[in-house]
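Throughout, read-outs are computed from the coordinates displayed, never taken from laboratory work. Owing to the predicted nature of the structure, the values given are computational and were not obtained by experimental measurement. Every residue, glycine as well, gets a Cβ built from its backbone with ideal geometry; the counts of neighbours run over all protein chains shown.
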Amino acid sequence: DVKVTQSSRYLVKRTGEKVFLECVQDMDHENMFWYRQDPGLGLRLIYFSYDVKMKEKGDIPEGYSVSREKKERFSLILESASTNQTSMYLCASIPSSGSGMNEQFFGPGTRLTVL
Amino acid sequence: GNSVTQMEGPVTLSEEAFLTINCTYTATGYPSLFWYVQYPGEGLQLLLKATKADDKGSNKGFEATYRKETTSFHLEKGSVQVSDSAVYFCALTQSYNFNKFYFGSGTKLNVKP
């Protein structure tokens with residue numbers, strides 16, 4: 001059974017803290033993604049990675065960075081958390097052999113609250 | 001550009017009612033279309049997909065037909081159950097950039113017993 005896992009389901013942090021969200025997939029997928037989900041806004045892409053150490057900015061990268069040191073692991077980093085980063089964060093992956101037919105596989109999400 | 005528009009929710013239905021959730025899209029060429037479902041407290045999972053015009057995707061009693069002439073991919077189910085209560089997302093991707101998914105804003109469905 002394919003799986004994308006995220007390190008925490010719920011996280012509470014304080015303003016200014018450095019926050020790490022971890023995502024691991026066991027499907028040997030080349031491409032991994034970080035989204036944030038907010039009511040009424042759907043999913044917005046923060047960053048994605050198409051290979052180890054490779055990354056590209058998505059639609060809302062400000063205030064975030066990412067790290068991909070191993071193929072199966074993709075980390076999202078909030079350098080200095082702010083209250084407007086309180087959100088649900090979703091990780092996803094997809095193989096690079098896609099032709100527009102492949103689905104993205106999602107993790108269960110991390111609900112982050114920044115106080 | 002590419003975009004997806006979904007009907008706003010929440011949609012509240014009684015069990016065994018007929019469900020339609022509207023989805024229209026703007027895209028060049030021939031995108032692939034998807035419906036994802038998010039059950040409470042979980043991530044998104046694929047419900048169904050269609051990759052070319054007139055294709056019908058189906059799963060768990062849900063259906064959606066890729067209509068290029070109306071640029072639509074409406075989700076339907078003949079008889080909903082309480083367990084179908086969830087948030088439904090319509091999405092598209094293009095074969096020239098399958099890394100980019102365009103999601104609608106989501107429609108919450110509440111089914112009452």
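Under a 5 Å amide H to amide H cut-off, with H placed in plane at 1.01 Å, what residues pair with residue B:108 once short-range neighbours are removed?
Placed amide hydrogens put B:9, B:11, B:88 under 5 Å from residue B:108.
Other chains near A:78-90: what is the mean number of their Cβ atoms within 10 Å of each residue's Cβ?
Whole-number average of other-chain Cβ neighbours for A:78-90 is 0.
Once amide H atoms are placed 1.01 Å from N in the peptide plane, what residues at a sequence separation of 5 or more from residue B:48, or on another chain, have their amide H within under 5 Å of its amide H?
Hits under the 5 Å cutoff: B:35.
If the only charges are +1 at each Lys and Arg Cβ and -1 at each Asp and Glu Cβ, what is the size of the charge dipole of the protein assembly as shown around the Cα centre, to the nearest 20 debye?
Here the size comes out at about 400 debye.
Among the lysines, which have Cα under 25 Å from the Cα of residue A:55 when same-chain residues fewer than 8 positions away are ignored?
A:3, A:18, A:70, A:71, B:100
How much of the DSSP beta bridge set in the protein assembly as shown is antiparallel, as a percent to the nearest 5?
90
What does the structure give for B:31-38 when I average, per residue, the other chain Cβ atoms found within 10 Å of the residue Cβ?
Across the residues of B:31-38, the mean count of other-chain Cβ atoms within 10 Å is 3.
In peptide B:89-99, what is the residue-averaged number of other protein chain Cβ atoms found within 10 Å of each Cβ?
Taking all residues of B:89-99 together, the mean is 5.
Relative to the Cα centre, what is the charge dipole magnitude of chain A, using +1 at the beta carbon of each Lys and Arg, -1 at the beta carbon of each Asp and Glu, and rounding to the nearest 20 debye?
380
Pick out which of A:39, A:61, A:95 has the largest mean-square fluctuation in a Gaussian network model of chain A, springs linking Cα atoms closer than 10 Å.
A:39
Which residues' amide hydrogens lie under 5 Å from the amide hydrogen of residue B:23, considering only partners 5 or more residues apart or on another chain, with H built in the peptide plane?
It is B:73, B:74, B:75, by chain and number.
Tell me, for the protein assembly as shown, which Cys residues have no other cysteine's C-beta sitting closer than 4.7 Å.
Among the cysteines of the protein assembly as shown, none has its Cβ 4.7 Å or more from every other.
Out of region A:20-115, which GluC sites (Glu not before Pro) are coil in DSSP terms and have no more than 12 other C-beta atoms within 10 Å?
A:62, A:79
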